[in-house]
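The values are calculated or read from the model by the stated rules, or taken from the named source; none is laboratory data. None of the values given here were measured: they were computed from a predicted structure. All Cβ positions, even for glycine, are placed from backbone atoms using ideal geometry, and neighbour counts span all protein chains on display.
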Amino acid sequence: MQYKCNALKPIPKRLLIPIITDLREYRQAANDTISYSRDIVNKYGDVCEASFTGIKNYFIHDPEVIKEILTTQSPKFKRTKLFRAFRKFLGNGLFTADDPYHKQQRRMIKPAFLPQRVEGYAEAMVQCATEEMSTWKDGETININQAMTNITLNVITRTLFGSSLPADTIEAVRDRLPAAFNVMSRIVENPFYVYCLEKEIGIPIVKEFFKARAAFDEIIHGIIASYRKDNGNEKPGLLALLMSLKDEDTGMGMTDEEIRDEVITFFIAGHETTTLALSWSWYLIGGHQQVANAFYEEVKNVIGDRLPTAKDYQVLPLTKNIFKEALRLYPPAWTFAREAMEDIVIRDYHFPKGAILWTVTYLVHHNEKYFENAEEFIPSRWDTEQIKAIPKYAYFPFGGGNRMCIGEGFAWMEGVLVLAAIASKFRLHMPVGFTTAINPVFTLKMTDDLLMKVERI
């Protein structure tokens, strides 16, 4: 395909000295991506090239270009090698699949996340928070990261499988998923490990990964087989629903392997990311006394001494804004990339076939062009007229286009109701002067555990 050069915008780029630039910069680009990309973007702009030897690499932080990548031009892109490595764990679920399979699966699964169904999960969300709080004693110090993990794991387990599974099976799921996920996170930190996983080269960490995956898969396939045996009769939860879904064009249901892939995708998307969003929310609440006072007052006025319900989701505006602002400052899914399958022109920028287009969501969310005092925690910004004027893809913690997280509504409901449920029973106090930093691996983690003292209300 030929393009008229005088009709295209030039793309600024940093100097590439083959091999030398790779040795000097690749490690930082891979292991300190946020700082590296921030430096490149600050120097060269929101659309710029930072290629390595043999890899055409572009940083994209212009919301209008991001919009095109995720929406109108999305069929011209595919997942990168890194995501293809993720398939070794996640399979070919919604998170990792390419079109047209992704489109087919999304259409089939969408009914499971309609608003009325999400409202039906609210009771389980609050119940799981209540069960976790029942283990807390007034005045003791709680590891909030672990507590939020307990809640979100229980929520996703209960909404997937209902309460019909034996307790030991549910416990095995909770035990074996973190083991598989943790080894996957370690692999992501090292490009050599990613390559070895993709090629299934039997180095120790790759062997450890397949062992952890096999242990988790054994349980999930056992659960699926049990459901098949009963034909899902009177089984509650998302799994039974997945097994009952039929493609509207073919009339075919999902195979056991397809169901397995979606189950593990729901576990990761519905557990890890929400855990982090809740943990970062408590960190921000704990460090901002004025916001905290208003938050607890809102929950007291709306909830009182009862537990929240799905209906309360719409009448807790500050609680929702806190969660929304936490997702801006600390988006769990902090980056994404796409590989061009052909030469592409987006808003007069030309990207060649095979180019990798990277967006660090964290940087877009922290951009002063769109968010005044962008580094500050200001939940009230979401009620201002100015915020309504920002480009849609200046804030996108759940992605966008046909790749928008299918469980977004689920995550919003869970985040707001869990915060409200806890605040209706306890006030959480962070140690004076405590700070932590971001640890961007597969998701945006904290470098330190968040320990908070709980005070019964």
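Of all positions in region 262-276, at least one carries a residue that is of a type outside the set (S, T, N, Q) and in contact with a Pro (Cβ under 6 Å, 6 or more places away or on another chain). Checking Ile69, Ile109, Ile34, Ile60 one by one, the residue that is farther than 20 Å from Gly354 by Cβ, touching a strand residue (DSSP E or B) at 6+ places or on another chain (Cβ under 9 Å) and hydrophobic (A, V, I, L, M, F, W, C) is Ile34 and no other. Going by the structure shown, is Ile40 surrounded by 18 or more Cβ atoms within 10 Å (Cβ to Cβ), at pLDDT 90 or above and under 26 Å from Val188 (Cα atoms)? Considered against the rule, which asks whether it is surrounded by 18 or more Cβ atoms within 10 Å (Cβ to Cβ), at pLDDT 90 or above and under 26 Å from Val188 (Cα atoms), Ile40 comes out as yes.
Do we find that Asn190 is modelled with pLDDT under 80 and surrounded by fewer than 20 Cβ atoms within 10 Å (Cβ to Cβ) in this structure? Answer is yes for this residue. The strands (runs of 3 or more DSSP E) found entirely in region 307-373 that carry 1 or more residues being crowded, with 21+ Cβ neighbours inside 10 Å and under 25 Å from the mean Cα position of the chain (by Cα) are 336-340, 356-359.
One line per residue, one yes/no per condition, for (1) touching a residue at least 60 places away in the same chain (Cβ under 8 Å); (2) buried (at least 20 other Cβ atoms within 10 Å of the Cβ); (3) closer than 30 Å to Tyr101 by Cα:
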position: Thr384; (1), (2), (3): no, no, no
position: Lys388; (1), (2), (3): no, no, no
position: Asn402; (1), (2), (3): yes, no, yes
position: Ala411; (1), (2), (3): yes, yes, yes
position: Ala420; (1), (2), (3): yes, yes, no
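Taken together, the residues in region 413-443 that are modelled with pLDDT of 95 or more and either under 26 Å from Tyr121 (Cα atoms) or assigned to a strand (DSSP E or B) (or both) amount to 18.
Taking the stated definitions as given, is Ile390 assigned to a loop (DSSP other than H, G, I, E, B) and either in contact with a strand residue (DSSP E or B) (Cβ under 8 Å, 6 or more places away or on another chain) or more than 19 Å from Glu272 (Cβ to Cβ) (or both)? So Ile390 fits the description; yes. Here Ala214 passes the criteria (1) out of contact with any Ser or Thr (no Cβ under 7 Å at 6 or more places or on another chain); (2) crowded, with 18+ Cβ neighbours inside 10 Å; (3) assigned to a helix (DSSP H, G or I); (4) of a type in the set (A, V, I, L, M, F, W, C) except the one numbered (2).
Within region 16-28, is even one residue in contact with a Lys or Arg (Cβ under 9 Å, 6 or more places away or on another chain), without any contact (Cβ under 8 Å) to a residue 24 or more places away in the chain and under 29 Å from Leu241 (Cβ atoms)? The answer is no, given that none of the residues of region 16-28 is in contact with a Lys or Arg (Cβ under 9 Å, 6 or more places away or on another chain), without any contact (Cβ under 8 Å) to a residue 24 or more places away in the chain and under 29 Å from Leu241 (Cβ atoms). The requirement of being surrounded by 15 or more Cβ atoms within 10 Å (Cβ to Cβ), over 25 Å from the mean Cα position of the chain (by Cα) and within 27 Å of Thr436 (Cβ to Cβ) is fulfilled somewhere in region 136-146, by at least one residue. Selection of region 125-150 for residues being within 24 Å of Leu94 (Cα to Cα) and modelled with pLDDT of 95 or more yields only Met125.
Please work out which residue is farthest from Glu257 (Cα to Cα), limiting yourself to region 77-107 and to residues that are surrounded by 19 or more Cβ atoms within 10 Å (Cβ to Cβ) and either aromatic (Phe, Trp, Tyr) or over 20 Å from the mean Cα position of the chain (by Cα) (or both). Restricting to residues being surrounded by 19 or more Cβ atoms within 10 Å (Cβ to Cβ) and either aromatic (Phe, Trp, Tyr) or over 20 Å from the mean Cα position of the chain (by Cα) (or both), the top hit is Phe77.
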